[in-house]
1. For residue 25, state whether it is at pLDDT below 90, surrounded by 13 or more Cβ atoms within 10 Å (Cβ to Cβ) and in the same structural domain as residue 83 (by TED's automatic domain parsing).
2. Do we have residue 38 as surrounded by 14 or more Cβ atoms within 10 Å (Cβ to Cβ) and under 19 Å from residue 118 (Cα atoms) here?
3. Looking at the range 68-76, is at least one residue assigned by TED's automatic domain parsing to the domain that holds residue 22, surrounded by fewer than 18 Cβ atoms within 10 Å (Cβ to Cβ), on the phi > 0 side of the Ramachandran plot and out of contact with any helix residue (DSSP H, G or I) (no Cβ under 7 Å at 6 or more places or on another chain)?
4. Quick check on the range 40-51: of everything there that is free of Cβ contacts under 8 Å to residues at least 40 places away in the same chain and in a helix (DSSP H, G or I), which residue is farthest from residue 61 (Cα to Cα)?
5. Given the residues 54, 85, which is the only one that is surrounded by 11 or more Cβ atoms within 10 Å (Cβ to Cβ) and touching a residue at least 24 places away in the same chain (Cβ under 8 Å)?
6. Please specify each residue of the range 30-39 satisfying the condition of being over 14 Å from residue 66 (Cα atoms) and either part of a helix (DSSP H, G or I) or at pLDDT 95 or above (or both).
7. Kindly provide the set of residues from the range 107-118 that are loosely packed, with under 13 Cβ neighbours inside 10 Å and either at pLDDT below 70 or part of a loop (DSSP other than H, G, I, E, B) (or both), ordered by number.
């Protein structure tokens, strides 16, 4: 893990780690467990494979994710959040809440646009059950994050 250049302020260093949208969206998509690169690409559309590879590399270097290489042909590689990466979960929850309060998007916008809720959305389980009633109980904060 590298120290961040800048003015020495911890906020500056943190923003250098999470300062682009893809980093936080990768964290969002890894909340429910490890994923392969292709799964991340599908969930993060329209990210390019080159951009994703760069972000994953940066996030590994910053100890936010762990790369697990299972070998094989074709190669089987998965990524999962580290304990350090999970430190970003309150930030994601705050951004989701802010996005809702500002009227940026709601979970239904994602469902209409992409056809499904994101994996981190508590409604994603309901989307597979046609007659499921919306749940009013709030789940753990790391399960209720939706960013678009």
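1. Details: at pLDDT below 90: no; surrounded by 13 or more Cβ atoms within 10 Å (Cβ to Cβ): yes; in the same structural domain as residue 83 (by TED's automatic domain parsing): yes.
Against the criterion (at pLDDT below 90, surrounded by 13 or more Cβ atoms within 10 Å (Cβ to Cβ) and in the same structural domain as residue 83 (by TED's automatic domain parsing)), residue 25 does not qualify.
2. Numbers: surrounded by 14 or more Cβ atoms within 10 Å (Cβ to Cβ): no; under 19 Å from residue 118 (Cα atoms): yes.
Criteria not met by residue 38.
3. Start the filter on the range 68-76 by keeping residues that are assigned by TED's automatic domain parsing to the domain that holds residue 22, which leaves 68-76.
This time we only want the ones that are surrounded by fewer than 18 Cβ atoms within 10 Å (Cβ to Cβ), so: 68-76.
Still in the list and also on the phi > 0 side of the Ramachandran plot: 71-72.
With the extra rule that they be out of contact with any helix residue (DSSP H, G or I) (no Cβ under 7 Å at 6 or more places or on another chain), the set shrinks to 71-72.
Yes, the range 68-76 has at least one match.
4. The initial filter retains those residues of the range 40-51 that are free of Cβ contacts under 8 Å to residues at least 40 places away in the same chain, namely 40-42, 44, 46-51.
Right, trim to in a helix (DSSP H, G or I) and you get 40-42, 49-51.
Values: 40: 18, 41: 20, 42: 23, 49: 18, 50: 17, 51: 15 Å.
It comes out as 42.
5. Values: 54 fails: touching a residue at least 24 places away in the same chain (Cβ under 8 Å).
Just a single option satisfies the conditions, and that option is 85.
6. 38, 39
7. 115
Residues are listed down the side, and each one gets a yes or a no for (1) modelled with pLDDT of 70 or more; (2) part of a loop (DSSP other than H, G, I, E, B):
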residue: 59; (1), (2): yes, no
residue: 66; (1), (2): yes, no
residue: 71; (1), (2): yes, yes
residue: 85; (1), (2): yes, no
residue: 91; (1), (2): yes, no
residue: 120; (1), (2): no, yes
residue: 136; (1), (2): no, yes
residue: 148; (1), (2): no, yes
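The values are calculated or read from the model by the stated rules, or taken from the named source; none is laboratory data. Predicted model, so just to flag it, every value in this text is computed and none were measured. Cβ sites come from the backbone with ideal geometry, for glycine too, and all protein chains shown count toward neighbours.
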